[in-house]
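The next block holds one structure in the form of structure tokens; read it before the comments.
Computed from the coordinates by the stated procedures, all read-outs in this text should not be read as laboratory data. Remember, predicted model here, so these are calculated numbers, not experimental data. A quick note on method: Cβ atoms are made from the backbone with ideal geometry, for glycine too, and the neighbour counts reach across all protein chains shown.
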Amino acid sequence: MSRFAATLFDGKSSAARAVNVEQDGKTLSICGSDGDFIRADPLDGCRITPPLGKTRRTIYLPDGARLDTDNQDAVAELELYDTKHPGMKLVHGLESRWGLVVFSLAGLVLCVWFFIAYGIPLLADKAASSVPTAMMETVSDRALSQLDKRFLEKTELPKPRIAEIRSYFNEIAGNMKGDRHFRLLFRKSPQIGANAFALPSGKILVTDDLIKMAESRKELAGIFAHEMAHVQERHGLRMVFQNAGVFFVISALFGDVVSATSLGAALPTMLVERGYSRQFERQADLAAGKYLIRRMGSTKPYRRILQRLAEKSGRNSAPSMISTHPGVKNRILRLKNLEKIRK
């Protein structure tokens, strides 16, 4: 049994009365300050408001009357008999222990980081795999339209040269593992210089500057195989989903909120200004390196053109294939190591 002082409001008027309250675990007995009995109420019919720091606590009686008190310990003892709100006891326990609060906050930060680092990429992979072929075609067409409006111009390469390169490209596409259909498109772009992009449907864009920079067909083979690997792994769509965050990912997995228009509008900017992640680049380089070793015995031609692109990117302020494909030195080193391993 415990006893505490409180203020009684009858619920019918604003008049307040100082009272003393006794509880025995089943009943609240309320007496006036002079000791006169006022009322008794069953404890299981009362409602105790959740704690908020050290502010006054309120106990609502069954008929709407209420008791206000500053005696936190007495109310805490009453709550031991309250089986209706066990969750609030836990909340109050956490609020009163700063160590637990800090620990909980650290845990929340860790969970958010883990979800961003691993959860979203995993969901993005699942979402990209769920996009049907017809939608990928639409996304690619809209992305290409945006690229043509903002960055690209009509190619100035001679038709015989285009036919020659396209024939070689088709030969490489036929030798690549997988069931994707590839198509090579040519564009001029003073804005982005020597560059190549892979669209989700299998369309691969290559600029006149990149064709002119290549000193051999074997160098182009590395570029083409690299971009084809991006298509096969659906890196374009995965990149859009990852960068767009949870909304696009969840929409693609469970609904029809993501439209081809929104994806097609987001893809060009990411391809030109941000490029693929290092993880995607490593995957594409690995596939291209394996292809070159299998078909030509060496990754050296591909490494040479990557090196020249890096040198030109350093001299030129315009975006290039290297500025959107970071870590060139590491990429070249990994290709060398891959060649040693495969031999």
Descending packing, highest mean Cβ count within 10 Å first, for 198-207, 8-17, 139-148 is 198-207, 139-148, 8-17
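Take the alpha carbon gyration tensor of the range 166-240, find the square roots of its eigenvalues, order them as a ≥ b ≥ c, and report rounded if a/c is under 1.5; if not, report prolate when a/b exceeds b/c, else oblate. Could the numbers behind the result be given before it?
On the way: a/c = 2.04, a/b = 1.21, b/c = 1.68.
It is oblate, given that a/c is not under 1.5 and a/b is not larger than b/c.
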Please go through the residue pairs 154/312; 159/300; 203/312; 300/329; 177/340; 149/218 and name each one whose alpha carbons sit more than 20 Å apart in this structure.
-> 154/312; 159/300; 203/312; 177/340; 149/218
What list of ³J(HN,Hα) values in whole Hz, one per residue of the range 54-68 in order, does the Karplus curve 6.51 cos²θ - 1.76 cosθ + 1.60 (θ = phi - 60°) give from phi, with Gly and Pro shown as x?
-> 10, 5, 4, 9, 10, 10, 8, 8, x, 8, x, 5, 8, 10, 10
Counting Lys and Arg as +1 and Asp and Glu as -1, what is the net charge of the other residues whose Cβ lies under 9 Å from the Cβ of residue 182?
-> +2
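Which ordering of 164, 79 is given by a fewest-first count of other beta-carbon atoms within 10 Å? Please report the intermediate quantities before stating the final value.
Working: 164 13, 79 18.
Ordered from fewest to most neighbouring Cβ atoms within 10 Å, 164, 79 come out as 164, 79.
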